[in-house]
Amino acid sequence: MRLMLAPMEGVVDVHLRKIFAAIGGIDLCVTEFIRVSQTVLPRHVFIKSCPELLTQNQSIHSTTGQHPSIPIRIQLLGSDPSLLALNAKKAARLGAIGIDLNFGCPAKGVNRNRGGACLLDESPLIEEIVAAVRDAVPASIPVSAKIRLGYNDRLSYLDNARAIARAGADELIVHARSKSDGYQPPAYWHYCADIREAIDIPVVANGEIWSWEDFVACKKQSHCQDFMLGRGLLAHPFLAHEIRARADGLDYHQSSQQSWLQLAPLLLDFFEHTSAAYPARFMGNRVKQWLHYLQRHYLEAAELFKQIKRSRDYDSIYAAIKASASCSQ
């Protein structure tokens, strides 16, 4: 079983990936999408999206005792097969260990510009894109694709899955909702089982896994062996550890207070790193964004969010997070 971290746009950037590398439990993650529209992108665009390119091969195999980084694939989004292929080739030259193709983003601005989920109505184009990218990068570099079940309905999922498999993709990740379903529950995991029957490449189930119970239901309905966690992992950062332990038949008794004691120092690191990366007028926005998810699982996060939600002052936010960590001990 592999557990992956979903590529949530505007959320799972390098700063959060470092936190989840420290927490552990995740086998693979994917960058936020890099939009490909008119040209072969310059090196700095790839490095900005994935600074891990500079160190990934060394840190994945680290023997220094430090936390290795999570292996990370570069995600590309666009509709021009030859241009996507050229950018994938460049990403590979820069050190990407895998390429993922985004056919699932539901954002209106992305779809208006022929990117993401809107291509789910164009199975031949999807096949052409995947084939071009697969041909452009070395065979040793996996090419995966992420889809939803369809655009306005859930009718095209098998056509798209078969097209992706025919084109030579190594893996298919299925967000088990259509674009029109958005992010509203439920996720229709049983469609993943249909896809597994139809194609002979690995299928990864994604969508609405918030808890161990959700994982069990997803595994039963999807028939999948690999899973991608998104918002559920943001809300409960130790969810991957819980899933692994309980899947192995082990007891898992970590209390909310215990896990907050482990998480709060990492939250403080996250605040420091993101504060340095963004203008002062956005002070605290990233940590508040994460607390919005964390408060679903932690009372401490809900209380901390109330304390800092209107603050733009570094010192007061830092003090509040540090106090929350101290109160948990």
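The values are calculated or read from the model by the stated rules, or taken from the named source; none is laboratory data. What you see is a predicted model, and the numbers here were worked out from it, not measured in a lab. Cβ coordinates were reconstructed from backbone atoms using ideal geometry, including for glycine residues, and neighbour counts include every protein chain displayed.
Here is a list: Ser255, Ser316, Ser324. Which entry is in contact with a Leu (Cβ under 6 Å, 6 or more places away or on another chain) and farther than 29 Å from His175 by Cα?
Of Ser255, Ser316, Ser324, the one residue that is in contact with a Leu (Cβ under 6 Å, 6 or more places away or on another chain) and farther than 29 Å from His175 by Cα is Ser324.
In this structure, does Ile70 turn out to be among the aliphatic types (A, V, I, L, M), in contact with a strand residue (DSSP E or B) (Cβ under 8 Å, 6 or more places away or on another chain) and modelled with pLDDT under 95?
Judged against the criteria, Ile70 is a match.
Listed here are the residues, each with its yes/no results for (1) of a type in the set (Val, Ile, Thr); (2) part of a helix (DSSP H, G or I); (3) surrounded by 15 or more Cβ atoms within 10 Å (Cβ to Cβ); (4) assigned by TED's automatic domain parsing to the domain that holds Ile147.
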| site | (1), (2), (3), (4) |
| --- | --- |
| Phe227 | no, no, yes, yes |
| Leu266 | no, yes, yes, no |
| Arg296 | no, no, no, no |
| Leu304 | no, yes, yes, no |
| Gln307 | no, yes, yes, no |
| Arg312 | no, no, no, no |
| Ile317 | yes, yes, yes, no |
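Regarding segment 182-194, can at least one residue be identified that is surrounded by fewer than 21 Cβ atoms within 10 Å (Cβ to Cβ), in contact (Cβ under 8 Å) with a residue 12 or more places away in the chain, among the polar types (S, T, N, Q) and in a loop (DSSP other than H, G, I, E, B)?
Within segment 182-194, not a single residue is surrounded by fewer than 21 Cβ atoms within 10 Å (Cβ to Cβ), in contact (Cβ under 8 Å) with a residue 12 or more places away in the chain, among the polar types (S, T, N, Q) and in a loop (DSSP other than H, G, I, E, B).
May I ask you to verify whether Phe270 is of a type in the set (Phe, Trp, Tyr), exposed (fewer than 15 other Cβ atoms within 10 Å of the Cβ) and within 19 Å of Leu16 (Cβ to Cβ)?
no
Return the pair list, or none, for Cβ contacts closer than 6 Å from residues in segment 106-127 that are in contact (Cβ under 8 Å) with a residue 24 or more places away in the chain to residues that are of a type in the set (Lys, Arg) and not in a helix (DSSP H, G or I), at least 6 apart or on different chains.
Pro106/Lys179; Ala117/Arg148; Ala117/Lys179
Anything in segment 1-28 that is farther than 18 Å from Leu268 by Cβ and surrounded by fewer than 19 Cβ atoms within 10 Å (Cβ to Cβ)? List them, or say none.
Once the filter is applied, which keeps residues that are farther than 18 Å from Leu268 by Cβ and surrounded by fewer than 19 Cβ atoms within 10 Å (Cβ to Cβ), segment 1-28 yields Met1, Arg2, Met8, Glu9, Gly10, Val11, Gly24, Asp27.
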